[in-house]
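Only one structure is covered here, and it is reproduced in the block below.
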């Protein structure tokens, strides 16, 4: 997955896995969401948008299936007590 640090008041990072068409949005508040079936063109337009938050609301929100990533899955496995991290399938 390609992860890009962005200059946004809404997002800290934006990630994309082209093979899975998976958009990962890490919000500044700390939540992480995965959006499924997102074309690469939407990811590229999000990065290029003058307002990434506005583009997200216009082109992503309500258009793609999504799931919130549990925060425990974002920790390295050694910090999870050996628990298996959450993966998108």
Review point. Based on the Cβ-Cβ distance of residue 40 and residue 68, what FRET efficiency does E = 1/(1 + (r/R0)^6) give at R0 = 30 Å, to the nearest 0.05?
Key: 0.85
Exercise for review: Starting from the exponent 0.38 and prefactor 2.2 Å, build the expected Rg for the range 2-80 from its residue count and divide its actual Cα Rg by it.
Suggested key: 1.07
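Each value in this text was obtained by applying a stated rule to the coordinates, not by laboratory testing. What you see is a predicted model, and the numbers here were worked out from it, not measured in a lab. All Cβ positions, glycine included, derive from the backbone under ideal geometry; neighbour counts span all protein chains shown.
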